[in-house]
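Read the structure below first, then the notes.
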Amino acid sequence: FARTHGERARRGATSFSEHAQAELLLGNVEHRRGNPGAALPHYQRAAELLQAAGDTSAAVHLLAAQAQVLLAEGQPADALPELRAAVERTPNDPWLHTQLALALWQLGDGPAAVAILNWVLTFDGGQVEARRARGEILADLGDARGALLDLERADLSRPSSRAARGLALAGL
């Protein structure tokens, strides 16, 4: 039903914004059905249409959503350009910088990821997600003390955080 509604909305769209909303709905339908690869073109078109409509903020969120799908699919190299484009458009968004750092880490560039997270935490020390991510990366890089300092102040409900804490403790 949602797909049919999205197709009708796309055909009847009279503005960039309406067309973008229809594409977003179609992308969400595909994502919800477990077809992230099929969702990506819809998200891309929606981001382009929102940018054309002048809604940069919404376009940036869609770029980030595309990157999240790609990261979840294990495609950090494909997510990186999307995240860089999003960060370029909103350079002071700590969440976007954190996502960029996570993608870099997945690509094997832990030191660059830590540098970005250091900037995020200098900019806003209360970013729990950035602190958690930095702790996990530092544990992976062998900096047990630095990792524990971050992980002691982070939410350890994620298995990856608990594993990083265990790795850091073992490293001591």
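The values are calculated or read from the model by the stated rules, or taken from the named source; none is laboratory data. Here the structure is a predicted model, which means the values were calculated and not measured. Methodologically, a virtual Cβ is constructed for each residue, glycine included, from the backbone with ideal geometry; neighbour enumeration extends over all protein chains shown. Ligands, DNA and RNA are stripped out before the accessible areas are found, and what is left, the full protein with its side chains, is counted by its heavy atoms. Shrake-Rupley method; radii C 1.70, N 1.55, O 1.52, S 1.80 Å.
Restricting His5, His19 to residues that are modelled with pLDDT under 85, open to solvent by 50 Å² or more (accessible area, probe 1.4 Å) and over 29 Å from Ala113 (Cβ atoms) narrows the list to His5. Restricting attention to region 82-91, the residues being more than 10 Å from the chain's Cα centre (by Cα) and either crowded, with 17+ Cβ neighbours inside 10 Å or modelled with pLDDT under 90 (or both) number 4. Taking residues in region 144-166 that are farther than 18 Å from Val114 by Cα, and partners anywhere that are among the basic types (Lys, Arg) and assigned to a helix (DSSP H, G or I), the pairs with Cβ atoms closer than 8 Å and at least 6 places apart or on different chains are Asp155/Arg132; Leu156/Arg162; Leu156/Arg165; Arg158/Arg132. Of everything in region 117-142 that is under 17 Å from the mean Cα position of the chain (by Cα) and of a type in the set (Val, Ile, Thr), the residue that is modelled with the lowest pLDDT is Val128. Here Ala86 meets the list (1) part of a loop (DSSP other than H, G, I, E, B); (2) touching a residue at least 24 places away in the same chain (Cβ under 8 Å); (3) small (Gly, Ala, Ser) almost entirely, failing just condition (1).
Among the residues making up region 33-54, those that are open to solvent by 30 Å² or more (accessible area, probe 1.4 Å), small (Gly, Ala, Ser), under 25 Å from Glu73 (Cα atoms) and part of a helix (DSSP H, G or I) are Gly37, Ala38. Going by what's in this entry, would Ala72 be described as small (Gly, Ala, Ser), at pLDDT below 85 and surrounded by fewer than 19 Cβ atoms within 10 Å (Cβ to Cβ)? Yes. Only residues that are in contact with a Gly (Cβ under 9 Å, 6 or more places away or on another chain) and in contact (Cβ under 8 Å) with a residue 12 or more places away in the chain were counted in region 29-40, giving 4.
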